[in-house]
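Colleague: Take a look at this one; I'll ask things after.
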Amino acid sequence: MGLATALPAGGGRGPGALELGGLLEDLVRVHRPARPLGSVPASIPHLAGVDFSRFGIAVATVSGEVFSAGDAALPFSIQSISKVFSLALALGHDGGGGLWQRVLREPSGTAFNSLVQLEAEGGIPRNPFINAGALVVTDHLIEAFGDASGEVLRLLASPSGRCSVNEEAFASELARSERNFALAHFLADLGNLRNPADAVVRHYVRQCSVEMSCADVARAGLFLANDGVGPAGRVVSPSVAKRIGAVMLTCGMYDAAGEFAYRVGLPSKSGVGGGILAIVPGVCAICVWSPRLDAHGNSLAGTSALAELTDRTGWSIF
Ligand code: GLN
């Protein structure tokens, strides 16, 4: 099979199908953690027990193939990766219907769950990927659909049929959601929440507690690499897909967005379950998972594997 036909690659670069399979196996060998370096999220006791040596990676291409290696078929807690899908739903529903008056599109420079910035900036979160912004998106989805988390689950499951809430993780996080409740109450106090804080936090935590495999997350995120069209059909318009990519690039890795753009160079979204969804526009969606985190809440091994992958394939938007 000719390399160019095996896999479309950005700017004529990138591996063919055969090389990609081998490359992913290489990444597993090199980046699967041998020691429990890094942290687990303190606010989600359930995640502390995940084996530190887990490492999976999957690539879903716009031509419909899925390549994977390591623990790519094991479900993991997607956490904040879900924020990309809730934003897509909100923007896909009615063009956002006023959402961008309630949340900005700027990097935060602060931790994903920071309270300080929200108060200082009058209750308008910096972007939809920090927790405060995601709570506003959830509030918007409750108005649009009623069952906000159910709708996010339906979108996540649309390509594979596989996606479920881990009820134990949900209960474990909800019981430790003081910060998210504080953010929601701040938003309400500052006039930026329309539904009861309790309902908004529950829907938000529920979408974070979804478990999926790397392969299924890559398939679910493929619409972002393919002008808004996923394996199950159109999710958003080409222009909305482009804009979600821009917000991922500038805000998807929280206050490590600059460092991550420097090392990896792809619009991406992380979750404290250790997953990262990365988009190569026009080519593929990549999901990598390894549970131990750096100080910003991004997967340590996942980030280094993506840095090597983009170096070796030339897949970068730069
Ligand atoms: N559910 C987590 C929280 O709200 C999600 C955070 C994340 O993945 N960065 O704290």
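Colleague: Considering only residues that are assigned to a loop (DSSP other than H, G, I, E, B) and either farther than 25 Å from V288 by Cα or more than 18 Å from the chain's Cα centre (by Cα) (or both), which ones fall in the stretch 185-226?
Modeller: L190, G191, N192, L193, R194, N195, P196
Colleague: May I pose another question? Of the conditions (1) more than 14 Å from the ligand (Cβ to nearest atom); (2) among the hydrophobic types (A, V, I, L, M, F, W, C); (3) over 24 Å from A157 (Cβ atoms), A241 fails just one. Which one is it?
Modeller: Unmet for A241, out of (1) more than 14 Å from the ligand (Cβ to nearest atom); (2) among the hydrophobic types (A, V, I, L, M, F, W, C); (3) over 24 Å from A157 (Cβ atoms): (3).
Colleague: Right, something else. Looking at this structure, is G252 in contact with a Leu (Cβ under 8 Å, 6 or more places away or on another chain) and touching a residue at least 40 places away in the same chain (Cβ under 8 Å)?
Modeller: In short, no.
Colleague: Checking the condition closer than 23 Å to F170 by Cα and within 13 Å of the ligand (Cβ to nearest atom), which residue from C214, C208 passes?
Modeller: Result: C208 is the single residue among C214, C208 that is closer than 23 Å to F170 by Cα and within 13 Å of the ligand (Cβ to nearest atom).
Colleague: Of everything in the stretch 227-240, what is closer than 16 Å to S63 by Cα and either among the hydroxyl-bearing types (S, T, Y) or assigned to a strand (DSSP E or B) (or both)? Give them in sequence order.
Modeller: Listed by number, the residues that qualify are V229, G230, G233, R234.
Colleague: Let me ask something else about it. Kindly list the number of the only condition in (1) at pLDDT below 95; (2) crowded, with 23+ Cβ neighbours inside 10 Å that fails for K83.
Modeller: (1)
Colleague: Let me ask you something else. Collect the residues in the stretch 292-305 that are within 14 Å of the chain's Cα centre (by Cα) and either buried (at least 24 other Cβ atoms within 10 Å of the Cβ) or among the polar types (S, T, N, Q) (or both), keeping them in residue-number order.
Modeller: Selection gives N298, S299, G302, T303.
Colleague: Another one. Restricting to the stretch 103-158, and then to whatever is in a helix (DSSP H, G or I) and β-branched (V, I, T), can you tell me which residue is nearest to the ligand (Cβ to nearest atom)?
Modeller: T138
The values are calculated or read from the model by the stated rules, or taken from the named source; none is laboratory data. Every value quoted in this text rests on a predicted model; they were computed, and no experiment measured them. Glycine also receives a Cβ, built like all others from the backbone with ideal geometry; neighbour counts cover every protein chain displayed.
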